[in-house]
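Written below as structure tokens is the structure these notes are about.
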Amino acid sequence: MTESSATAGNEQEIVKVDTTVPQTARIWNYLLGGKDNFASDRAVGNQIIQSLPQLAENARLSRAYLTRAVRYLVGEAGIGQFLDIGTGLPTADNTHQVAQSIAPDARIVYVDNDPLVLAHARALLTSSPEGATDYIDADLRDTETILHEAARTLDLGQPVALFLMGILGHIESDEEAKSIINRIMDALPSGSYLAMYDGSDTSEAVNEAARIWNISANPQYHLRSPERIASLFQGLELVKPGVVSVNEWKPDPSTPSGIIDQYCALGRKP
């Protein structure tokens, strides 16, 4: 067991991190080329890469989708508030950095419950002077706490973009995943959005990678078909092109072509 410290204002908090147990956020950080991971995380990551060598590139393409989604929401949809649940460890082009580069007064609330994410988030997730950024230490399932705490920073009477990027795969039941979405979206006004991506069960290699992940990593990750991902948007208006591979969603000139086994969508609340 090791300890990591984080400073929030003038108050120092000690966050205990068990480095022997692989954690999703740290494995993903390793796949993205980050340094906030430990030997146990890298071991699982290397096993997965052996089964699916392109996974690290898929991780970067998924992150690029998040960036494009933020740009669309701020630049075209006029959204200035974001609730990003399951944010993971800070990397380049975090949600607030992309949003505030377009609209400096954008307000972003991040949510995660990994202790290492907590330590880094409070130290690194800063805001422009005009906007605001906050961090909530809460589980995805605890929607009541998330909404209550988010209301300190966000005006929940105005449209909000809910981001669930790579997080709903940790919820095995489609019914439970949809219930979580509904509890949050029901508290948000018309004109709010849901943006998400998750791994799909569209290839044997990805299914094998998920099997390896679930042997060691915590929490486990459950793949869904594109059709099951689409069902999570029931009641929302899908933004074109709908449910597609992450690199097919409003690609820019630098986005490589071809379908990968990560699917995404953006839906608007009527």
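Among the residues making up the range 190-216, those that are assigned to a loop (DSSP other than H, G, I, E, B), surrounded by 14 or more Cβ atoms within 10 Å (Cβ to Cβ) and either among the hydroxyl-bearing types (S, T, Y) or touching a Gly at 6+ places or on another chain (Cβ under 7 Å) (or both) are S192, T202, S203. Just checking, does the range 177-190 include any residue being among the acidic types (D, E), touching a strand residue (DSSP E or B) at 6+ places or on another chain (Cβ under 8 Å) and over 18 Å from R68 (Cβ atoms)? Looking through the range 177-190, none of the residues is among the acidic types (D, E), touching a strand residue (DSSP E or B) at 6+ places or on another chain (Cβ under 8 Å) and over 18 Å from R68 (Cβ atoms). If you go through the range 87-117 and keep only what is at positive phi, of a type outside the set (D, E) and surrounded by fewer than 24 Cβ atoms within 10 Å (Cβ to Cβ), you end up with nothing. State whether the residues of the range 27-38 include one that is more than 23 Å from the chain's Cα centre (by Cα) and either modelled with pLDDT under 80 or exposed (fewer than 13 other Cβ atoms within 10 Å of the Cβ) (or both). Within the range 27-38, not a single residue is more than 23 Å from the chain's Cα centre (by Cα) and either modelled with pLDDT under 80 or exposed (fewer than 13 other Cβ atoms within 10 Å of the Cβ) (or both). Condition test on I108, is it within 17 Å of V70 (Cβ to Cβ) and either modelled with pLDDT of 95 or more or touching a Phe, Trp or Tyr at 6+ places or on another chain (Cβ under 6 Å) (or both)? So I108 passes the test. List pairs: first residue in the range 243-259 and basic (K, R), second residue crowded, with 16+ Cβ neighbours inside 10 Å anywhere in the structure, Cβ distance under 8 angstrom, at least six positions apart or on different chains. The qualifying pairs are K250/R68; K250/Y72.
Residue-wise test of (1) of a type outside the set (V, I, T); (2) within 30 Å of G75 (Cα to Cα); (3) touching a Phe, Trp or Tyr at 6+ places or on another chain (Cβ under 8 Å).
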position: V160; (1), (2), (3): no, yes, yes
position: S173; (1), (2), (3): yes, no, no
position: M185; (1), (2), (3): yes, yes, no
position: L194; (1), (2), (3): yes, yes, yes
position: S245; (1), (2), (3): yes, yes, yes
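Looking across the range 56-71, just one residue is out of contact with any helix residue (DSSP H, G or I) (no Cβ under 6 Å at 6 or more places or on another chain), without any contact (Cβ under 8 Å) to a residue 40 or more places away in the chain and closer than 12 Å to A99 by Cβ, and that is R71.
Based on this model, can you work out whether Q50 counts as closer than 23 Å to T202 by Cβ and of a type outside the set (K, R)? Judged against the criteria, Q50 is a match.
Look at the range 72-87: where a residue is within 11 Å of L162 (Cα to Cα) and a partner is surrounded by fewer than 18 Cβ atoms within 10 Å (Cβ to Cβ), sitting 6+ places away or on another chain with Cβ atoms under 7 Å, you get Q81/D155; Q81/Q158. Taken over the range 244-260, the criterion of being assigned to a loop (DSSP other than H, G, I, E, B) and surrounded by fewer than 23 Cβ atoms within 10 Å (Cβ to Cβ) is satisfied by K250, P251, D252, P253, S254, T255, P256, S257, G258, I259, I260.
The values are calculated or read from the model by the stated rules, or taken from the named source; none is laboratory data. The structure presented is a predicted model; accordingly, all values stated were derived computationally and were not measured. For neighbour counting, all protein chains shown are included, and Cβ atoms are generated from backbone atoms with ideal geometry for every residue, glycine included.
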